[in-house]
Amino acid sequence: MLRATLKSLLARKVRLILSGLAVVLGVMFVSGAFVLTDTLGRSFDAIFADAYEGVDVQVAAKPKLAVGETEGEQVAPPFPAAVLDRVRTVPGVAEATGSVNATGARLIGSNGKAVTSFGPPQLGSNWTGGSDLIEIRQGRAPQADNEIMVNAALATAGKVTVGDQVGVLLTLASKQEFTLVGIFGYSGGRDSIGGANEIYFTTPVAQRLMLGAPDTYNSIVLTSADGVAPERLRDDVAAALGDGYVVKTGEQLSADAAAGLKEGLSFFNRILLGFAGVALLVGTFLILNTFSIIVAQRTRELALMRAIGASGRQVIGSVLVEAVAIGLLASVLGLAAGIGVGALLAYVFGQFAGGLTLAGLGVPPVAVFSSFGVGLVITVVAALLPALRAARIPPIAAMQDVATPDRPLTRVTLSGAVVTAAGAGLLALGLSGNAGDNTLVTILTGVLLAFIGVALLTPLISRPVVNLLGGLFSWSVPGKLGRLNSGRNPRRTAITAAALMVGIALVTGVTVILDSTKASIAGKAEQIIDAELVVAGEQTGPQPPTFEPTVVDRAAALPGVAAVAGLYNDMATVEGERRFVNAATDLAAVGRIWGAKATAGTVATLRPDQVALSEPAAKELNKTVGDRITAQFARGEPHTYTVAAIVPEDRLPGAIMLPKESAADFTQPKPYLALVQLTPGTPVAQVQPQLEELVKDSPEVSVTDRAGFIAQQTGQFDTLLRMIQILLALAIVIAVLGIINTLALSVLERTRELGLLRAIGLRRAQTMRMITVEAVVISVFGALLGVTVGSGLGAAVVEALKDEGITELVLPWSQMGLFVGLAALIGVVAAVLPAIRAARINVLGAIAHD
Amino acid sequence: MTATVGRPVGAAARASDVWKVYGSGEAQVVALRGVSAEFERGRFTAIMGPSGSGKSTLMHCLAGLDTVTRGTVMIGDTKVTGLGDAGLTRLRRDQVGFIFQQFNLLPTLSAKENILLPLAIAGRKPDPAWYDTVIDTVGLRDRLDHRPNQLSGGQQQRVACARALVSRPQVIFADEPTGNLDSRSGAEVLGFLRNSVRQHGQTIVMVTHDPTAAAYADRVVFLADGQIVSELIEPTADTVLDTMKKLDTLPAPTEAGI
Ligand SMILES: Nc1ncnc2c1ncn2[C@@H]1O[C@H](COP(=O)(O)OP(=O)(O)O)[C@@H](O)[C@H]1O
Ligand SMILES: [Mg+2]
């Protein structure tokens, strides 16, 4: 039995390849995700191991704020240089170096624009004589206060050379000019470590510019004396310094730093696995369809097996063995392809991250296990239904020429209705927010069930819809034949179309949600913000670009300007909890621009000890006007503020509005946004150039009108949308494979018919057109289902998010039209190979064929 | 509309010294060995012979479904030998009608649509009077909207006959058209074919191994081992049977190379 199955399997190579390909692609995504995150994870480990090489123990002051999960490194606060002397007296210390090393030093390149690293830190450090890690490549280290040295990657990116006068933007100081005296690299010939850029100043300059205070450091690097273990030294130093300092070994530091990035990676991994799930769902449809067709075509063979004594169970076994073989082969290929894809993505990622040195490619066991698990389980599960159907073939079918009878669709429709209803119910539960901690799982299961339910309902609607669609092509004989063929097997057409539906529905749904969000934000911003000009920059790293605080005052003094609100933001600990806070240069101006009217207290310029709260924030903190709240910022000591006003939520730029004095202790004590309201009748074009002049020393920010600003703010949604579309394109590619597969098998099945048509005079081109129409009808049907289901899902989510401020429902009609058009094109492309095959059929052979 | 029997007005199809060789070397099979034959217009010719004698091969070569190894085939004034796929397709569409043993019809189309399919493919309109005549002769008027799977085998073959007739081809080729039918349905179909020759002057070439079927024809050509070995005009079932018996006792022709 097994031998017979494997033999017939080999005889069906094409079918095997096509249906296997869907599994291969899905498995590829799974293993690729694991290989990518594993490779990047080990690369990060290596980077930090390198960065902390030669550091036995490091001392830093305790950060003022607890470290957040997603925000990367916290500012290590400065401490007096005297601590260095204290550390030196601890026995076991061989060498102690006071070091300044903080992010926020941005070189201005030769084109006048600040060089960005797109994520990795832009460090400013003090030169203390170098280490084994640093190799000076050109020039020398900084000796005078107006001299700097930069790493080679930064010099290349900024197109600067030794001897140039260069500007540097700083977080805690205004722009400074320096002479570039040296360019360095890192051991091993690297231009950068993990994409980070680094500028070396002399120690006093670094202290002033990077820490904001003379005679301070923010870390001390220790090497232990011979025979003293770093752990031992760490404990001794910690004991000597007491509370207020964090003492860690180099190993700990590198592990901590890598762990932070790996947290982000595992999130990334989950997203990739999510898309793998979508691909596999589509793949399941495809395999189910393929096996159904295979069983239909093997009816006689299977009936013969039954007739000569095989049991129903053996028949099921023979189908499932085929599934296992395909699943295994596909898993192997998918794993191999995934390793390639993972390596490629890691390489691309490395290039984007400024030449990240990748650790060697590795295949973690989880990639292997999940590949085989997923590949096998999906294939076997998808083959189960067709296998059961195969077992019901009566032995008599071997003797008769039975066309597979058209079973009624009642059962499948009923179960479709039940599953769809269950999916809708779960969706409603998840979206209503009543599912508690399981909200995401509930929603995802709801979406999955909705897809399966709709797929089950599809055969019922396929007949009328396909007839209607096909009507468009019925003016020609091949068109009409194609239409009839696509309506011939509603189940097969339905599953093929449903596979395409999944990808298109997800893209449409996401587009509806993001477009609606965008429109709601833009609409609200337009409605609320009464400012004609905006000063802001595009955020490319963990912190938004900023400009000098004086710009706000100078802008307010320009003729034609009615009000200017400068805004700062940061994370802070407010009443013991991490919260996002804003500071405004002038709350009165904010009030004018946002139309803020207090529901309690008054909206006026805040005194240095006053705070304004939004209504929800006041409720959460349980505070009313006159109450006090305490806040700790990135720097300095805790402050206490009195609540001066409570304002409706969307009438303030943030939930907690602090006076401008508090911004001095923020991570970035500079405004990132200024809104400029003009006096009535003042043309924008008159003020804009003057504002541009004011920010010419801050090349990271620009002056835009309100529409431009809103577009800039909502632009991130477009990027997100594009990324999601690219990833979902894979699901659509798999669906296209499904269409090709269905058509190819149909062509095979109808060989005799095609021969007859050719015999009575159908031309080759007409034959191809017939197949193409069939494909186009199926794929457009799938796309129509997709945009319908997708906009339904999207609208449901938007409806659920009404309370979160997404008040506008935007249905992307042109996008949906585009999808349907693209689907027609997909149909044409998918039909190419089957159509050629059909046109090449040997007429005589086909007629003689039994 | 009335052409008389036995008054040949030139050949509708002609084979001249046709050879057909399948395969090469050890596996070589010579299916036709220099067959020359004319099939006159307005005549019903049957090709007979034992199984494997080359009947189907000859028909396929005549109809432009297969290429000949040597020799020439003409349909009317068209030289079939040497035509490319496009030319052969046009020939089959415009000049030739087919009736196969089974699987003649497209399951997705109704009887009427099947009948009109060759004309639709060619983009031609049926002549309404002729269409009516054909439908009435095959007696299918009340079955026109049925799908093939709703028709009996005999009805299906009658639909196939109507389809072959409706475009008035130069010649209709039928390969064992009654091979799958019971004798009554077979007789109906054969009678219908003979009528279309007698009353409407259609040319038909039919392959069969059934003497009773051959008796419906005006002329029978006998094939054995790829060669024409005998011929009967105005056959009856008995004369056909006799001829076949005689042929069986003949020694097999000697192997001839090509
Ligand atoms: N495609 C083919 N390849 C090889 N041999 C063939 C092929 N078709 C027919 N033959 C051989 O040619 C001979 C004539 O076949 P055919 O014309 O089908 O005979 P008939 O129709 O009289 O039974 C037979 O010996 C058959 O085996
Ligand atoms: Mg034959």
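The values are calculated or read from the model by the stated rules, or taken from the named source; none is laboratory data. Everything numeric here is computed off the predicted structure, so don't read it as measured data. Cβ sites come from the backbone with ideal geometry, for glycine too, and all protein chains shown count toward neighbours. Side chains included, ligands, DNA and RNA excluded: accessible areas come from the protein's heavy atoms. Shrake-Rupley method; radii C 1.70, N 1.55, O 1.52, S 1.80 Å.
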Net charge near residue A:188 (other residues with Cβ under 15 Å of its Cβ; Lys, Arg +1; Asp, Glu -1) is -3
Here the range A:245-251 yields Karplus 3J(HN,Hα) values (6.51, -1.76, 1.60; θ = phi - 60°; whole Hz; Gly and Pro given as x) of 10, 10, 10, 9, 7, x, 4
Chains A and B: accessible area buried, summed over both chains, 1.4 Å probe, nearest 100 Å², reads 2100
Once A:52, B:22, A:568 are ranked on solvent-accessible area with the largest value leading and a 1.4 Å probe, the list reads B:22, A:52, A:568
Taking a ≥ b ≥ c as the square roots of the Cα gyration tensor eigenvalues, with a/c under 1.5 meaning rounded and otherwise prolate when a/b beats b/c or oblate if not, the range A:101-211 comes out rounded
From highest to lowest solvent-accessible area (probe 1.4 Å; ligands, DNA and RNA excluded), B:244, A:210 read B:244, A:210
By the C-alpha gyration tensor axes a ≥ b ≥ c (rounded if a/c is under 1.5, else prolate when a/b exceeds b/c, else oblate), the shape of the range A:610-718 is prolate
Looks like the range A:546-697, by Cα gyration tensor root eigenvalues a ≥ b ≥ c and the a/c under 1.5 rounded cutoff (else prolate when a/b is bigger than b/c, oblate otherwise), is oblate
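Give me the net charge of residue A:693's neighbourhood, meaning all other residues with Cβ under 14 Å from the Cβ of residue A:693; Lys, Arg count +1, Asp, Glu -1.
-1
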Which of B:99, B:233, B:75 fluctuates most in a GNM of chain B (C-alpha springs under 10 Å)? That residue is B:233
Checked against a 32 Å limit on the C-alpha separation, the offending pairs among A:64/A:524; B:20/B:245; A:518/A:696; A:159/A:248; A:619/A:696; A:518/A:619 are A:64/A:524; A:159/A:248; A:619/A:696
The range A:797-817 and the range A:162-201 have their Cα centres apart by a whole-number Å value of 46
Quotient of Cα radius of gyration and Kirkwood radius for the range B:11-247, i.e. Rg/Rh, equals 0.96
Out of A:810, A:820, A:777 - ranked by how far each Cα lies towards the positive end of the dipole of the range A:769-847, with unit charges on the beta-carbon of charged residues - the top one is A:777
Taking a straight Cα-to-Cα line shorter than 18 Å from residue B:112, and setting aside same-chain lysines fewer than 8 residues away, one finds A:480, B:125
Between the Cα axis of helix B:85-95 and the main Cα principal axis of chain B, the angle (0 to 90°, nearest 10) is 60
Between the Cα axis of helix A:490-528 and the main Cα principal axis of chain A, the angle (0 to 90°, nearest 10) is 30
For the range A:101-211, dividing by residue count, accessible area per residue (probe 1.4 Å) in Å² works out to 38
Scoring chain A by relative contact order with C-alpha pairs under 8 Å, at least six apart, yields a percentage of 16
Sorted list, accessible surface of protein heavy atoms, 1.4 Å probe, largest first, for A:145, A:515 is A:145, A:515
With all protein chains in place and a 1.4 Å probe, residue B:96 shows an accessible area in Å² (nearest 10) of 10
Sorting A:436, A:381, A:618 by the position of each Cα along the dipole of chain A (Lys, Arg +1; Asp, Glu -1; all at Cβ), the one nearest the positive end of that ordering is A:381
antiparallel share of DSSP beta bridges within the range B:11-247, to nearest 5, in %, is 55
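Evaluate peptide A:475-483: per residue, the Cβ atoms of other protein chains within 10 Å of its Cβ; return the mean as an integer.
3
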Relative contact order in percent for the range A:451-605 (Cα pairs under 8 Å, 6+ apart) equals 14
Karplus ³J(HN,Hα) for the range A:252-258 (6.51 cos²θ - 1.76 cosθ + 1.60, θ = phi - 60°; Hz, whole; x = Gly/Pro) runs 4, 4, 5, 5, 4, 4, 5
If one compares the long axis through the Cα atoms of helix A:706-749 with the longest principal axis of the Cα atoms of chain A, the angle in degrees, nearest 10, works out at 20
Contact order relative to length for chain B, counting C-alpha pairs under 8 Å separated by 6 or more residues, stands in percent at 27
Cα-based Debye curve of the protein assembly as shown sampled at q = 0.06, 0.07 Å⁻¹ gives log₁₀ I(q)/I(0) of -0.69, -0.82
Rounded to a whole number, the mean other protein chain Cβ count within 10 angstrom for residues of B:102-108 is 6
Any residue on another chain or 5+ positions along whose placed amide H is under 5 Å from the amide H of residue B:47 is listed here as B:206, B:207, B:208, B:221
Here the percent of antiparallel bridges among DSSP beta bridges lying wholly in chain A, to the nearest 5, is 80
Helix-only [θ] at 222 nm, chain A, -39500 (n - 2.57) per DSSP H run of 4+, per residue, nearest 500, equals -19000 deg cm²/dmol
Carbon plus sulfur, as percent of the 1.4 Å-probe accessible area of the range A:546-697, comes to 51
Surrounding charge for residue A:472, neighbours by C-beta under 15 angstrom, Lys/Arg +1, Asp/Glu -1, total +2
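Calculate the dipole size of chain A relative to its Cα centre from +1 charges on Lys and Arg beta carbons and -1 charges on Asp and Glu beta carbons; express the result in debye to the nearest 20.
Working: 64 positive and 66 negative charges, 1142 e Å.
Charge dipole, chain A, about its Cα centre: 5480 debye, nearest 20.
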Ranking B:180, A:258, A:424 by how far each Cα lies towards the positive end of the charge dipole of the protein assembly as shown (+1 on Lys and Arg Cβ, -1 on Asp and Glu Cβ), the top one is B:180
